[in-house]
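Just below is one structure, and these are the notes that go with it.
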Amino acid sequence: MPELPEVETIRLGLKKTIIDQKISHVEVLLAKMFIGEVSLAIGSVVKSVGRRGKLLLIELNKNGEKGWITIHLKMTGQLLFRSKTRAEFGLGHPIPPLNTPVPNKSTKVIFTFESGDVLYFNDIRTFGYVKALTELELKAEPFLLSVGVEPLSEEFTFEQFEKLLKKSPRLHIKTFLLDQTKVAGLGNIYTDEALFLARILPTRLVGSLGEDERLRLFEAIQEVLRAGIELHGSSKTSYVTVDGATGTFLARAAVYQRGGKPCLNCGRPITKVTFRGRGTHFCENCQT
Ligand SMILES: [Zn+2]
């Protein structure tokens with residue numbers, strides 16, 4: 001699943017290409033993938049592209065009225081932008097390959113703009129979704145009501161992080177970090193990386209962390225996410241940027257998918273275990 005840096009990379013791609021564009025047509029190829037009325041989108045102009053956690057928020061305007069398209073890529077979603085005049089891009093899960101001609105059998109929703117540009121939402125396993133929402137409906141969206149703090153926002157302070165940690169002393173720290181209702185946007189990659197950087201074992205209980213560890217973790221979360229965004233996400237999941245370059249974060253990952261390879265810090269082999277159903281990577285020597 002894409003994590004915060006990958007979705008942020010997609011957001012930046014969309015921001016460069018679809019703002020001020022008018023949607024002239026929406027074709028839904030699999031009814032369950034589009035929730036709400038297509039008529040809300042048709043004739044609307046894109047005003048902004050935002051993000052909360054892993055959810056994309058596309059703000060629309062139609063005759064002065066605000067509307068929204070939200071997109072969640074979940075496990076296998078892709079967004080492909082095709083244009084004769086602007087830089088094209090494909091972002092998301094690597095299957096089918098992002099250069100496969102569109103539409104193809106994984107294409108579920110097609111947005112056509114007045115300019116002739118087209119945005120394809122592909123999802124081979126159909127876990128993702130597109131929603132068309134009014135302003136009122138957006139405010140009542142369960143995801144938005146429950147999603148946790150945005151870790152790269154000003155609201156994410158050490159004081160607030162401490163409060164969140166204090167509420168869940170019995171959770172394993174990895175489980176805590178993956179919970180989208182606590183801190184938004186972290187998945188398996190950035191969780192393992194942040195815990196390595198903070199020198200904390202993923203199996204530790206939240207309540208056992210000392211203040212210095214909590215502070216290191218607070219800083220590490222932001223550091224790995226910023227690095228991920230800078231490097232356009234992870235190449236493993238083929239996040240091809242607007243310019244066609246793939247994400248390079250994984251080449252810099254210290255522990256994720258480096259099981260058995262030498263720790264970049266101490267040289268001992270990185271341990272890989274399955275922890276609560278998730279592949280989990282850490283250094284037994286550097287993390288305590
Ligand atoms: Zn080590």
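The values are calculated or read from the model by the stated rules, or taken from the named source; none is laboratory data. A quick note: this is a predicted structure, and the numbers were derived from the prediction, not measured. Neighbour counts run over all protein chains shown; Cβ positions are idealised from the backbone, glycine included. The protein model used for the area step is the full one, side chains on, heavy atoms only, and it has no ligands, DNA or RNA in it. Shrake-Rupley method; radii C 1.70, N 1.55, O 1.52, S 1.80 Å.
Starting from the coordinates of the alpha-carbon atoms of the chain, obtain the Kirkwood hydrodynamic radius over all distinct pairs and give the value in Å to one decimal. About 19.8 Å, per the Kirkwood formula over Cα pairs. Shape call for segment 23-71 from the C-alpha gyration tensor, a ≥ b ≥ c root eigenvalues: rounded (a/c under 1.5), prolate (a/b greater than b/c) or oblate? Cα axes put segment 23-71 in the oblate bin.
Taking 1.567 mPa s as the viscosity and 4 °C as the temperature, the Stokes-Einstein diffusion coefficient of segment 68-208 based on its alpha-carbon Kirkwood radius rounds to 73 µm²/s. Judged by the ratio a/c of the largest to the smallest principal axis of the C-alpha gyration tensor, segment 58-102 counts as oblate, that ratio being 1.5 or greater while a/b is no larger than b/c. Note down the net charge around Ala198, summing +1 for each Lys or Arg and -1 for each Asp or Glu among other residues with Cβ under 10 Å from its Cβ. Local net charge: -2.
Per the 1.4 Å probe, what fraction of the accessible area of the chain, in percent, lies on carbon and sulfur atoms? Summing carbon and sulfur atoms, their accessible area is 52 percent of the total for the chain. If both residues of a DSSP beta bridge must be in the chain, then about 95% of such bridges are antiparallel.
Just to confirm the number: angle between the C-alpha axis of helix 188-197 and the first principal axis of the chain, 0 to 90 degrees, nearest 10? The angle comes out at about 40 degrees.
Largest accessible area first, the listed residues Lys272, Lys47, Lys54 line up as Lys272, Lys47, Lys54 when surface is computed with a 1.4 Å probe on the assembled protein chains.
Taking only protein heavy atoms and a 1.4 Å probe, what accessible area per residue, in Å², does the chain have with all protein chains in place?
On a per-residue basis, the chain sits at 45 Å².
Normalised by the number of residues in segment 176-229, the average gap of Cα pairs under 8 Å and 6 or more apart makes the relative contact order 34 percent. Note on segment 1-89: along the principal axes its Cα atoms extend 34, 32, 24 Å, ordered by decreasing extent.
Just to confirm the number: angle between the C-alpha axis of helix 211-230 and the first principal axis of the chain, 0 to 90 degrees, nearest 10? Around 40 degrees separate the two axes.
Angle of helix 4-18 to the longest C-alpha principal axis of the chain, folded into 0 to 90 degrees and rounded to 10: 20°.
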